[in-house]
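*Asks:* First the structure, then my questions, so here it is.
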Amino acid sequence: MKKYPQIANYIDETEPEEPIIILVNGEPTKQDKELRNNDEVFLFPPASGGLPEGFIIEDNISIDNVIEDMKKNPEFIRSGAVVVFIGFVKGIVGNNVKVYELLYDAYKPFANTKLKEIAEEYSRKPNVIDVRIYHKVSKLKPKETTVYIFVSAIDRKTAFNVAKEVLERVKHEAPIWKLEIRSDGEYWVLGDGKRVPRPKASTQ
């Protein structure tokens, strides 16, 4: 980073609990990695959300179809509940501020890998049968669907708790970024809900 002080300054300004994401040749890495000629480097702001098993979508999905597919799992015979979480775009935030749209973007190769890890991790937990997550990456208006999380488990308590945990992991770890277009400007939305104003383009 010594060769590029502006980049180093930008990284230093990010908060420890919301670290910047650095990819070298498509792989996550640390700041002290020594670069070689022709390495491809990507710098991303702290993530705000995500998806598992490559389920990045642009349109709504059929909840019934997903559940029917989950039933194909031989272990589903042990399932006592399926919890479905559906997220929507808020039309009003903060102190009665109007939201016009949300712009979702993602670095898909890394997103697919990271979210598959999350889904598989929770699918292996005690009393959990299956976990599915689908996240939209596109321009979305208020009241449109943003994310679906499905959890089948032996009991409803486990299903509810796991759905909540998976949502938090996706919000904080998946490389999906959310730009909120509002009546008072444009803001990046971080995983914890914190809003960061988007710098205006220079007119010079």
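*Asks:* Can you find a residue in the range 110-127 that is within 23 Å of residue 68 (Cβ to Cβ), part of a strand (DSSP E or B) and either in contact with a strand residue (DSSP E or B) (Cβ under 7 Å, 6 or more places away or on another chain) or in the same structural domain as residue 189 (by TED's automatic domain parsing) (or both)?
*Replies:* Scanning the range 110-127 turns up no residue that is within 23 Å of residue 68 (Cβ to Cβ), part of a strand (DSSP E or B) and either in contact with a strand residue (DSSP E or B) (Cβ under 7 Å, 6 or more places away or on another chain) or in the same structural domain as residue 189 (by TED's automatic domain parsing) (or both).
*Asks:* It is to be established whether one or more residues within the range 132-148 are more than 30 Å from residue 197 (Cα to Cα), assigned to a helix (DSSP H, G or I) and within 16 Å of the chain's Cα centre (by Cα).
*Replies:* No - not one qualifying residue is present in the range 132-148.
*Asks:* What are the residues in the range 169-204 that are over 9 Å from the mean Cα position of the chain (by Cα), surrounded by fewer than 20 Cβ atoms within 10 Å (Cβ to Cβ) and outside any strand (DSSP E or B), if any?
*Replies:* Correct list: 183, 184, 192, 193, 194, 198, 199, 200, 201, 202, 203, 204.
*Asks:* Give the residue that is farthest from residue 123 (Cα to Cα), with candidates limited to residues of the range 166-204 that are modelled with pLDDT of 90 or more and of a type in the set (Ser, Thr, Tyr).
*Replies:* 183
*Asks:* Output the number of the condition that residue 151 fails; it satisfies all remaining conditions of (1) farther than 19 Å from residue 58 by Cβ; (2) of a type outside the set (Lys, Arg); (3) surrounded by fewer than 21 Cβ atoms within 10 Å (Cβ to Cβ).
*Replies:* Unmet condition: (3).
*Asks:* Ok, one more. Which residue pairs have Cβ atoms closer than 7 Å, lie 6 or more positions apart in sequence or on different chains, and pair a first residue in the range 136-147 that is farther than 18 Å from residue 112 by Cβ and of a type in the set (Ser, Thr, Tyr) with a second residue that is part of a loop (DSSP other than H, G, I, E, B) and modelled with pLDDT under 95?
*Replies:* Between residues of the range 136-147 that are farther than 18 Å from residue 112 by Cβ and of a type in the set (Ser, Thr, Tyr) and residues that are part of a loop (DSSP other than H, G, I, E, B) and modelled with pLDDT under 95, the close pairs are 145/60.
*Asks:* For the range 92-109, state whether one or more residues are more than 21 Å from residue 187 (Cβ to Cβ) and either assigned by TED's automatic domain parsing to the domain that holds residue 63 or charged (D, E, K, R) (or both).
*Replies:* Checking the range 92-109: at least one residue is more than 21 Å from residue 187 (Cβ to Cβ) and either assigned by TED's automatic domain parsing to the domain that holds residue 63 or charged (D, E, K, R) (or both).
The values are calculated or read from the model by the stated rules, or taken from the named source; none is laboratory data. These numbers were taken from a predicted model, which means no experiment stands behind them. Quick reminder, even Gly has a Cβ in these numbers, built from the backbone with ideal geometry, and neighbours come from all protein chains shown.
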